[in-house]
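The values are calculated or read from the model by the stated rules, or taken from the named source; none is laboratory data. In this text the structure is predicted, and so the values were computed from the model without any measurement. As a convention, Cβ positions derive from the backbone with ideal geometry for all residues, glycine included, and neighbour counts pool all protein chains shown.
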Amino acid sequence: MDSLYAELLSLLTNPAARHELLVLAALIGLAALLARRLRKQVVSSLDAGGVRQLVFPLLAILFLTGLRFTAHHYGWKLHFVAVAVQLLWAMVGIRMVVYAVQRGFPKALWVASFGRSIAVLVWLGVALDLLGVLPELIAWLDSFVLPLGKSHVSLWNVSQGLASVLAALVFALWLGGVIETRLLQMSGLDSSVQVVLSRIVKAVLILVSILVGMELVGLDLTTLSVFGGALGVGLGFGMQKIASNYVSGFIILLDHSIRLGDIIQVGTDRGEVMQITTRYTVLKAGSGSHFLLPNETLVGSVVINDSYSDPRVRVAVKVQVSYQSDVERALAILTELPQQQERVIADPAPQAFLVSFDDSGMTLELGFWISDPEKGHLEIRSNLNRAILRRFREEGVEIPYPQREVRLLNPAVVQAPLTVEGV
């Protein structure tokens, strides 16, 4: 460490090394400026988030590669450019891994911490390589041998295997994200089919990446068949609910019974379908709350879907009028009022009915249709109830109060007060 510090100090006192640092800083600054302009003008039009993150380090590597070519042509000696290029390539790797994981798990909370962990590991490896400690660390890991049956595997081989599986998995997540984006942009496919295809592609790519990574390590996959069969049986018994919800999610997406944006009701839970995952379906209620319903519940229960075949929904408002009121006039008023509301559609036309004769008055029902049930029913009901109350008062139509009449058929019998002995 002392020799490295002394060598660095001697380089900094060398005028040629200081000039190299100035040129290096200027090229990196120029790469940053050009990257900012390219992100705004060219890359933003392509809508490629991963390319935006790689513009700066790739431009800087390109400029520094040109500087190394020029130095080699004129016989200049460079000291810091190789280190800077190595650090920039490390930045490219970190950003590619983090972007691929973000595309694979866009809403996962652990992605940020995973990105920081990957960055720490990569920068630590680069630092050890620059300090010359990395070869010694590799030799030390290779000296530890783990016996696995008839074969022996070192810690370095295990580390290489994990890195290979991780690299294959990251590539599969990135490729799955790209394919998912392309599928969601295809206007000819139904939204449910797009979701199903994207999930199948992502699952297949992840499985293939794991198998390829294990093959790169040198593991014989045929030796895992017995273990995989036993593990599959154990998971089948222990994770029946999860498997049922997973299969139910695919059934819901494939049979088009529930689509994204539908207004459904399951029991007392009602809301708009916001997301259909592999385990549950997310409903957003009118109050802003979100319900997470297991997919198995949606397959095995009665689901009221207001948007299944027709987005139009009938809404009913009931009101009572007294027996002395003109019921024909009241029905005409009820039929007229919905035409003044924006959300009420003209076809089918609103209709009013005399429903029943009750104790306090006659019950009338106004039925009308709306085409936007996702906005809820409470607002339109409130507006119509206020309009009905105002017009009934103007027209002299009486809304009765609950009344109870009590009659005494026999005269009251006054009994003498009871006396208790000893009082």
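Kindly list, by first and then second residue, each pair from a residue in region 66-93 that is without any contact (Cβ under 8 Å) to a residue 24 or more places away in the chain to a residue that is surrounded by 16 or more Cβ atoms within 10 Å (Cβ to Cβ), limited to pairs with Cβ atoms under 6 Å and residues at least 6 apart or on different chains.
Hits for this filter: ARG68/VAL81; ALA71/LEU78.
I need the full set of residues from region 264-321 which are of a type in the set (A, V, I, L, M, F, W, C) and either touching a His at 6+ places or on another chain (Cβ under 6 Å) or in contact (Cβ under 8 Å) with a residue 60 or more places away in the chain (or both), in order please.
ILE276, VAL282, VAL313, VAL315, VAL317, VAL319, VAL321
Every residue in region 270-291 that is out of contact with any helix residue (DSSP H, G or I) (no Cβ under 9 Å at 6 or more places or on another chain), in a loop (DSSP other than H, G, I, E, B) and surrounded by 13 or more Cβ atoms within 10 Å (Cβ to Cβ), please.
If the condition is that a residue be out of contact with any helix residue (DSSP H, G or I) (no Cβ under 9 Å at 6 or more places or on another chain), in a loop (DSSP other than H, G, I, E, B) and surrounded by 13 or more Cβ atoms within 10 Å (Cβ to Cβ), then ALA285 is the only one that fits.
Being modelled with pLDDT of 75 or more and closer than 19 Å to LEU24 by Cβ narrows it down to one of ALA84, ALA139, ALA119, so name that one.
Criteria check complete, one pass: ALA84.
Given the residues LEU38, LEU4, LEU22, LEU27, which is the only one that is closer than 20 Å to LEU78 by Cα, assigned to a helix (DSSP H, G or I) and at pLDDT below 80?
Matching residue, one of LEU38, LEU4, LEU22, LEU27: LEU4.
Any idea which of (1) in a loop (DSSP other than H, G, I, E, B); (2) closer than 30 Å to MET274 by Cβ; (3) touching a strand residue (DSSP E or B) at 6+ places or on another chain (Cβ under 6 Å) is the one GLU342 doesn't satisfy?
(3)
Quick check on SER360: is it assigned to a loop (DSSP other than H, G, I, E, B) and either over 44 Å from the mean Cα position of the chain (by Cα) or farther than 19 Å from HIS377 by Cα (or both)?
In short, yes.
Give region 46-75 a look and list any residue that's at pLDDT below 80, within 23 Å of VAL97 (Cα to Cα) and in a helix (DSSP H, G or I), or say none.
Of everything in region 46-75, those that are at pLDDT below 80, within 23 Å of VAL97 (Cα to Cα) and in a helix (DSSP H, G or I) turn out to be LEU46, GLY49, GLY50, VAL51, ARG52, GLN53, LEU54.
Would you pick out the residues in region 369-397 that are in a helix (DSSP H, G or I), in contact with a strand residue (DSSP E or B) (Cβ under 9 Å, 6 or more places away or on another chain) and closer than 24 Å to ARG329 by Cβ?
Of everything in region 369-397, those that are in a helix (DSSP H, G or I), in contact with a strand residue (DSSP E or B) (Cβ under 9 Å, 6 or more places away or on another chain) and closer than 24 Å to ARG329 by Cβ turn out to be ILE380, ARG381, LEU384, ASN385, ILE388, LEU389, PHE392.
Can you name the residue in region 292-312 that is under 30 Å from GLY367 (Cα atoms), surrounded by 17 or more Cβ atoms within 10 Å (Cβ to Cβ) and not polar (S, T, N, Q) and, of all such residues, is nearest to the chain's Cα centre (by Cα)?
Checking each candidate, the answer is LEU298.
Out of everything in region 347-357 that is not hydrophobic (A, V, I, L, M, F, W, C) and not in a strand (DSSP E or B), what residue ends up being nearest to ARG404 (Cα to Cα)?
The extreme case among them is PRO350.
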